[in-house]
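The values are calculated or read from the model by the stated rules, or taken from the named source; none is laboratory data. Computed from a predicted structure; not experimentally measured. Note that we place each Cβ from the backbone using ideal geometry, even for glycine, and neighbour counts take in every protein chain shown.
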Amino acid sequence: MPSFRALPPSRLRPGARTRTDGMHVPVARATVDCGVYSEGARLPGKYTHAAALKKVHEIEAEGSDAFVWVGLHEPDEHQMKAVADVFDLHELAVEDAVHAHQRPKLERYDDTLFLVLKTVMYVDHESMAKARQIVETGEVMIFVGADFVVTVRHGEHGGLAGVRKRLEASPATLKLGPYSVMHAIADSVVDTYLDVTDLIETDIDSMEENIFSPQSQTNIESIYLLKREIVELRRAVSPLATDLERIGTEHDDLVNVEIRRYMGDVLDHTIKAADRIASYDELLSSLVQAALGK
């Protein structure tokens with residue numbers, strides 16, 4: 001498996017976090033958490049990413065299963081390279097992980113799966129008339145190998161501490177190995193899709209009531225804003241269904257049957273969210289026409 005090579009400046013895409021003063025910030029600055037797991041439990045102690053993988057190999061040499069989960073938040077190129085060298089991550093996936101604004105996708109590099117999920121957050125607002133943003137998006141990238149998980153998060157929302165805490169409270173799930181982490185993250189992200197669509201539906205109901213009320217003035221710009229946000233949400237959610245389906249059909253040599261079954265439930269919820277979003281888009285188009293004719 002190719003290891004990561006530092007990318008020349010000419011290949012860096014806009015948005016890359018690089019330093020121009022020659023100083024490299026330690027990986028620890030971008031590390032949110034790093035844990036070693038064996039037999040359904042987290043081992044005590046603090047580890048660097050390299051020490052954690054070494055510990056995993058020691059446990060495996062003794063005949064037990066173990067894996068490490070390293071969580072990173074917005075690492076720069078050099079921080080990501082340091083992690084990639086230890087876990088032998090493919091350079092193309094690593095380049096994607098450094099940069100935000102990736103599309104949802106699933107890729108395989110030898111025995112490592114790389115999944116990109118778009119995270120979403122509903123932006124509270126006093127009223128649609130005063131709203132400037134409805135949905136904020138971010139990303140979480142997940143590398144999963146035989147005995148490791150590396151997650152890379154972009155954005156201020158979508159933290160994974162809650163996911164990690166729930167997993168650590170479920171030894172039976174952790175015993176399923178590193179792909180249990182991929183499932184838990186995907187499940188959490190997709191549940192948020194459904195939560196956000198519920199809140200957007202409330203906005204649409206309020207907007208619809210306003211449009212069909214003879215005494216109310218209609219702010220058509222609010223409809224256009226929500227329609228643009230729905231387009232962004234659709235781009236985050238809709239492509240994921242195909243990728244989740246592929247986990248269950250194309251990678252059975254990596255993902256055990258129980259995790260594949262769990263991922264099927266996540267797929268069902270993703271399709272449900274995508275269907276809701278498509279229906280909202282159609283409804284908003286109708287509301288635009290109604291507002292123009294008011």
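Being of a type in the set (S, T, N, Q) and touching a helix residue (DSSP H, G or I) at 6+ places or on another chain (Cβ under 7 Å) is the requirement here; does Thr202 meet it? No, not satisfied.
Count of the range 66-82 residues, restricted to those that are among the acidic types (Asp, Glu) and either in contact with an Asp or Glu (Cβ under 7 Å, 6 or more places away or on another chain) or assigned to a helix (DSSP H, G or I) (or both), is 1. Can you say whether Arg246 is of a type in the set (Lys, Arg) and farther than 30 Å from Leu43 by Cβ, as far as the supplied structure shows? For Arg246, the condition - of a type in the set (Lys, Arg) and farther than 30 Å from Leu43 by Cβ - is met.
Out of all the residues in the range 83-95, is one or more touching a Lys or Arg at 6+ places or on another chain (Cβ under 6 Å), in contact (Cβ under 8 Å) with a residue 40 or more places away in the chain and in a helix (DSSP H, G or I)? Yes, because at least one residue in the range 83-95 is touching a Lys or Arg at 6+ places or on another chain (Cβ under 6 Å), in contact (Cβ under 8 Å) with a residue 40 or more places away in the chain and in a helix (DSSP H, G or I). Filtering the range 51-63 down to residues that are of a type in the set (A, V, I, L, M, F, W, C) and buried (at least 16 other Cβ atoms within 10 Å of the Cβ), which residue is farthest from the chain's Cα centre (by Cα)? Per the criteria, the residue is Ile59. For the range 204-234, filtered to residues that are more than 30 Å from the chain's Cα centre (by Cα) and of a type in the set (Val, Ile, Thr), the residue that is modelled with the lowest pLDDT is Thr218. Scanning the range 110-123 for residues that are surrounded by fewer than 18 Cβ atoms within 10 Å (Cβ to Cβ) and either out of contact with any strand residue (DSSP E or B) (no Cβ under 6 Å at 6 or more places or on another chain) or under 17 Å from Leu267 (Cα atoms) (or both) returns Asp110, Asp111. What's the number of the condition Ser180 fails, among (1) out of contact with any Ser or Thr (no Cβ under 6 Å at 6 or more places or on another chain); (2) modelled with pLDDT of 95 or more; (3) on the phi < 0 side of the Ramachandran plot? For Ser180, the failing item is (1). For the range 64-76, give me each residue that is under 20 Å from the mean Cα position of the chain (by Cα) and buried (at least 21 other Cβ atoms within 10 Å of the Cβ). Correct list: Val68, Trp69, Val70, Gly71, Leu72, Pro75.
Scanning the range 255-283 for residues that are surrounded by fewer than 18 Cβ atoms within 10 Å (Cβ to Cβ) and not in a helix (DSSP H, G or I) yields one hit, Asn256.
Test Glu250 against the stated conditions and say whether it is out of contact with any helix residue (DSSP H, G or I) (no Cβ under 6 Å at 6 or more places or on another chain), at pLDDT 95 or above and either closer than 22 Å to Phe114 by Cβ or polar (S, T, N, Q) (or both). The answer is no for Glu250.
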